[in-house]
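**Q** What follows is a single structure, and I will ask about it in a moment.
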Amino acid sequence: MDSRYNPAAIEEKWQKTWAEYGLDKTPTDSNKPKFYALSMFPYPSGSLHMGHVRNYTITDVIARLKRMQGYRVLHPMGWDAFGLPAENAAIDRGVPPAKWTYQNMAQMRQQLQHLGLSIDWDNEIATCSPDYYKWTQWIFLQFLQAGLAYQKQAAVNWDPIDQTVLANEQVDNEGRSWRSGAIVERKLLRQWFLKITDYAEELLNDLDKLTGWPERVKLMQANWIGKSTGAYLEFPIVGMNETIGVYTTRPDTVYGVSYVVLAPEHPLTKRVTTKEQQAAVETFIKEVSNQSELERTAEDKPKRGIPTGGKVTNPFTGEEVPIWIADYVLYEYGTGAVMGVPAHDVRDFKFAKAYDLPIEFVIASLDDVAGFDLTPVSEIDEVTQLIQIEYNEAYTEPGVLINSGPFTGMASVDAKEAIVKYAQEQGFGKERVQYRLRDWLISRQRYWGAPIPVIHCPNCGIVPVPDQDLPVQLPEEVEFTGRGGSPLAQMESWVNVPCPTCGTPAKRETDTMDTFIDSSWYFLRFPDANNEQQVFDSSKTNDWMPVDQYVGGIEHAILHLLYSRFFTKVLRDRGLLNFDEPFQRLLTQGMVQGLTYLNPNKGGKDKWIPSRLVNASDPRDPETGEPLQRLYATMSKSKGNGVAPEDVISKYGIDTARMFILFKAPPEKDLEWDEADVEGQFRFLNRVWRLVSDYVAAGVSRKKAQFADLTKPEKELRLSIHTAIKAVTEDLENEYQFNTAVSELMKLSNALADANCQNSPIYAEGIQALVVLLAPFAPHIADELWHLLGNSNSVHIQTWPSFDPAALIADEITLVIQINGKKRADLQVPAQADKAELEKYARELEVTQRYIEGKQIKKVIVVPGKLVNFVVV
């Protein structure tokens, strides 16, 4: 046997061998309990990065453990393959998106297979394959039939030079087009939406079912759904027989309304604008149309507005207040209008200050009204004057109403209910529950996505493509210029078709679907990935689902997970699924960070200086000589701090890369890349290799141990063995503390190395346990060591070991002896000794005698199993 550890040879050998044992196949034996282990599937960018390695290694450890524990495991892989980068590549490189995507998939598949992941490649899916997006289109039609898909006008990013719609990613932080450099405009187009708001309440309530999710992810989803209870109030427009409806969570402030704001895009904007204000309003609307939604709503930017000249009547006071339009109000949010209450809203306060609008305080704190009778007008006026002098900002807390007509003197909590009731009685308002969540805009005016399967007929309207005509395939002969709208819209031979219902010349929908659609159901396809007749066999998908463990980045905590939950509930209601939630447990792993340097005096990409260009002992900018800041940041090309998996693997091997990824940090925390730590894991695997090699070379007898008559060294070693089994199992089953599990493996290897019973069957038990426990983490070396121990099969089909509770009962324990809280000695004592016996042993110790001689013992603190502390004076 070679005493040297050769990772490359071992890894190549065992990756070829695993197929013989079916370790990469999904079992069909339904008598076993199921376990569905899933990583969020990647976009095929062409190369893996260390973030990928971390994600897939974590899931692979879990999958391997569960197989060894007797589960039938589904551990698949696919490709989130539609999206803008492929279309950009087609424009820049003249390569068809499909060719570019499939080349990247082939390259990344090879890289993933080289990582030793126990993935079932027979169930591989790619969202850009017609075999997959046929069913994406079929699911869309299910939404359409259920009344959950519809079209309406919505704002898009419009490039006025290239005359095309831009995705948010194609607009830079200055609001310019990625290609033409033009200032991007906002334009209204008819867009497709899915009615996720119909499921808002269930999506919110069912978060309570997700006990295996991180609390912060559930909180992020709850905040995104954003349920609030408030009032819908109508303000009559002066001179018109119409009203402006607003939603507010603070109806108790309605007596403080000093203006009403419409979104510039609101249909009423033009109608309420007076002739005198028309030119100014049109100019302002044009300026706002050039702003992105992010710019308009950013907290750190001043809010801009302009009066329309129109007015509304406050139905509570009868007073007329002006109608403004402002950039911070969006038509897509709520009613597209808000009531301005500067005294009690931070944003309204700033806006009112900027434009010299009235600020009327209608709520005061309890302290402010203490000692005042709020009935006489004179005392209310006095309170108001005091508040206006005292408050230099909005008062946003609840309190007592003032200047609020018949509601003056009421606590704001009670006043909310009373004011809404009054509005409802008078016919100009009602209570309303509202959500921040908006319906999901799924239209994309580009080529590389699943075509929306409807036909627009002048007679029949919107007509679904018949099921037998799915998929609506993407045409291949497409010219990509990045100009002039969607490439599909320019292909008349593809667009012009007869109506499936009446035969009249009609047109296909030329929008494609948001790629979030593809990833919102892919996990449902994996259990039946090769089904050509159905989206999936419900019996198979219901058998495997929900996913038992989902692993992916925190960046997907809101949209992807929310949309996946939405899809699951809709398909359940369509009779295809029998469960409510798609993912039982969720692990959001941290980012992999690399060392880099920052020059704070530079901007853009130039501010990042790759570590290879810097003298670590005196970090300075190689161009300017300025001192640099040393920091760890998420690996990226722009920062020059990326580490290619191939570089690590070629030097240390796959198992070392896996061990480092798992050991360096808890999975939910960011991981700082440090080659010294990689080297440390390589040394550990070498120690394990030598440990087993020496054991095999010694030719020790492997007869079964007789536990009734063990020597002290054997008992101590067996305690270490079963402590490791218990700890590693708990670390892998509960909170997935892979780093502490690896630490336990190190402790066991040290115990074996230090053991004084190498010829004992207990030592053989320890060697075998170490190799089996190592298997999920470092699968190649574990299989080789298992083979060298004389076994003819794979370690990965062995039963995961269970600990013996009797082995965990120590004969002796180490007792810490303290004098006045300071450690003075360790003492081996019987494990079952009571407090009195422990104190006796401690008193008799020579060290203790020396420290307490001639002193008074005021107190003796005995903590069984841990310490004895003598408090002396």
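**Q** Dipole of the chain, Cα-centred, from +1 at each Lys and Arg C-beta and -1 at each Asp and Glu C-beta, to the nearest 20 debye?
**A** Result for the chain is approximately 1780 debye, rounded to the nearest 20.
**Q** Which far-off residues, 5 or more places away or on another chain, put their amide H under 5 Å from the one on Gln818, with H placed in the peptide plane?
**A** Amide H neighbours of Gln818, under 5 Å, 5+ apart: Arg824, Val868, Asn869, Phe870.
**Q** Let me ask another. Positive end of the charge dipole of the chain (Lys, Arg +1 and Asp, Glu -1 on Cβ, about the Cα centre): tell me which of Gln768, Pro779, Gly116 has its Cα farthest that way.
**A** After comparing all options, I get Gln768.
**Q** Next question, about the same structure. Determine the dipole magnitude for the range 227-435: charges of +1 sit on the beta-carbon of Lys and Arg, -1 on that of Asp and Glu, nothing else is charged, the reference point is the Cα centre, and the result goes in debye to the nearest 20.
**A** The dipole magnitude comes to about 880 debye.
**Q** Holding the Cα-Cα limit at 20 Å, pick out from Lys823/Lys866; Lys187/Lys270; Lys301/Lys416; Lys270/Lys311 the pairs that are longer than that.
**A** Exceeds cut-off: Lys301/Lys416.
**Q** For the range 592-662, what's the radius of gyration and Dmax over Cα atoms, in angstrom?
**A** Cα only, the range 592-662: 14.0, 42 Å (Rg, Dmax).
**Q** Is there a quick way to get the dipole size of the range 802-859? I mean about its Cα centre, with the Cβ of Lys and Arg at +1 and of Asp and Glu at -1; what is the value in debye to the nearest 20?
**A** 620
**Q** Among Ala263, Val433, Leu366, which residue has its Cα positioned farthest towards the positive end of the charge dipole of the chain, with +1 placed on the Cβ of Lys and Arg, -1 on the Cβ of Asp and Glu, and the dipole taken about the Cα centre?
**A** Result: Val433.
**Q** Something else now. Once amide H atoms are built 1.01 Å from N in the peptide plane, which residues 5 or more positions from Leu586, or in another chain, come under 5 Å H to H?
**A** Distant-sequence amide H within range of Leu586: Trp213, Tyr550.
**Q** So what J values fall out for the range 520-537 if you push phi through Karplus, 6.51 cos²θ - 1.76 cosθ + 1.60 with θ = phi - 60°, rounded to Hz, Gly and Pro as x?
**A** After applying 6.51 cos²θ - 1.76 cosθ + 1.60, I find 8, 9, 4, 5, 7, 7, 3, x, 8, 5, 9, 6, 8, 9, 9, 4, 5, 6 Hz.
**Q** Here are some values of semi-axes √(5λ) of the Cα gyration tensor in Å: (1) 59, 41, 27; (2) 62, 42, 23; (3) 41, 36, 33. Which one was computed from this structure?
**A** (1)
**Q** Whole Å is fine, so just give me how far the alpha carbon centre of the range 761-781 lies from that of the range 92-109.
**A** 42
**Q** Scan around Glu668 for amide H atoms under 5 Å from its own, H built in the peptide plane at 1.01 Å from N, and keep only partners 5 or more places away or cross-chain.
**A** Excluding prolines and chain starts, which carry no amide H, the hits are Gly590.
**Q** Another one. If you take the beta carbon distance between Ser47 and Gln153 as r and set R0 to 45 Å, what does 1/(1 + (r/R0)^6) give as a FRET efficiency, to the nearest 0.05?
**A** About 0.65, to the nearest 0.05.
**Q** Please report the relative contact order for the range 686-800, taking Cα pairs under 8 Å with a sequence separation of at least 6, and give it as a percent rounded to a whole number.
**A** Averaging sequence separation for qualifying contacts and normalising by length gives 29 percent for the range 686-800.
**Q** Counting other Cβ atoms within 10 Å, keep those with at most 12, restrict to DSSP loop, and tell me which GluC sites (Glu not before Pro) in the range 165-240 are left.
**A** For GluC sites (Glu not before Pro) across the range 165-240 that sit outside H, G, I, E and B with at most 12 neighbouring Cβ atoms in 10 Å, the list reads Glu174.
**Q** DSSP loop trypsin sites (Lys or Arg not before Pro) in the range 634-681 with at most 15 other Cβ atoms within 10 Å of their Cβ, which ones?
**A** Sites meeting the loop and neighbour criteria: Lys637, Lys669.
**Q** Another one. Give the separation of the Cα centroids, the range 335-366 to the range 626-665, in Å.
**A** So the separation of the two Cα centres works out to 51 Å.
**Q** Assuming 0.36 nm per residue, please report the length gained on full extension of the stretch Asn756 to Ser30 beyond their Cα-Cα distance.
**A** 256.7 nm
**Q** Taking 25 °C and 0.890 mPa s as the conditions, I'd like the Stokes-Einstein D for the range 227-435 in µm²/s, using the Kirkwood hydrodynamic radius from alpha carbon pairs.
**A** Here the translational diffusion coefficient equals 139 µm²/s.
**Q** Follow-up question, since we're still on this one. Per the helix-only calculation at 222 nm, which mean residue ellipticity applies to the chain, given -39500 (n - 2.57) for every DSSP H run of n ≥ 4 and division by its residues, nearest 500 deg cm²/dmol?
**A** It comes out at -11000 deg cm²/dmol, rounded to the nearest 500.
**Q** Need one number: nm distance between label points at Ala19 and Glu332, each 7 Å from Cα along Cα→Cβ, rounded to one decimal.
**A** The two pseudo-label positions are separated by 4.8 nm.
**Q** Ranking Leu631, Leu671 by Cβ neighbours within 10 Å, fewest first, what do you get?
**A** Lowest to highest Cβ neighbour count: Leu631, Leu671.
**Q** With Cβ to Cβ distances under 13 Å as the rule, what net charge do the other residues near Lys32 carry (K, R +1; D, E -1)?
**A** Local charge sum for Lys32: +2.
**Q** For the range 182-255 and the range 269-313, what is the separation of their Cα centres, given in Å?
**A** Result: 22 Å between the Cα centres.
**Q** Any idea what the alpha-carbon Rg over 2.2 N^0.38 Å comes to for the range 686-800?
**A** Ratio of Rg to 2.2 N^0.38 Å for the range 686-800: 1.02.
**Q** Next question. How about the range 264-363: which GluC sites (Glu not before Pro) there are in a DSSP loop, with at most 11 other Cβ atoms within 10 Å of their Cβ?
**A** Glu299
**Q** While we're looking at this one, here's another question. Can you give the relative contact order of the chain as a percent, counting alpha carbon pairs under 8 Å and 6+ residues apart?
**A** Result for the chain is 13 percent.
**Q** Something else: Could you tell me the relative contact order of the range 812-872? Use alpha-carbon pairs under 8 Å, at least six residues apart, and round to a whole percent.
**A** 41
**Q** Here is a follow-up. Arrange the following residues from fewest to most other Cβ atoms within 10 Å of their Cβ: Ile554, Ile609, Ile857.
**A** Least to most surrounded, the residues fall as Ile857, Ile554, Ile609.
No lab work stands behind these numbers, since they all come straight from the coordinates. The model shown is predicted, which means the values in this text are computed figures rather than measured ones. Don't worry about glycine lacking a Cβ; one is built from the backbone with ideal geometry, like all the others, and counts go over all protein chains shown.
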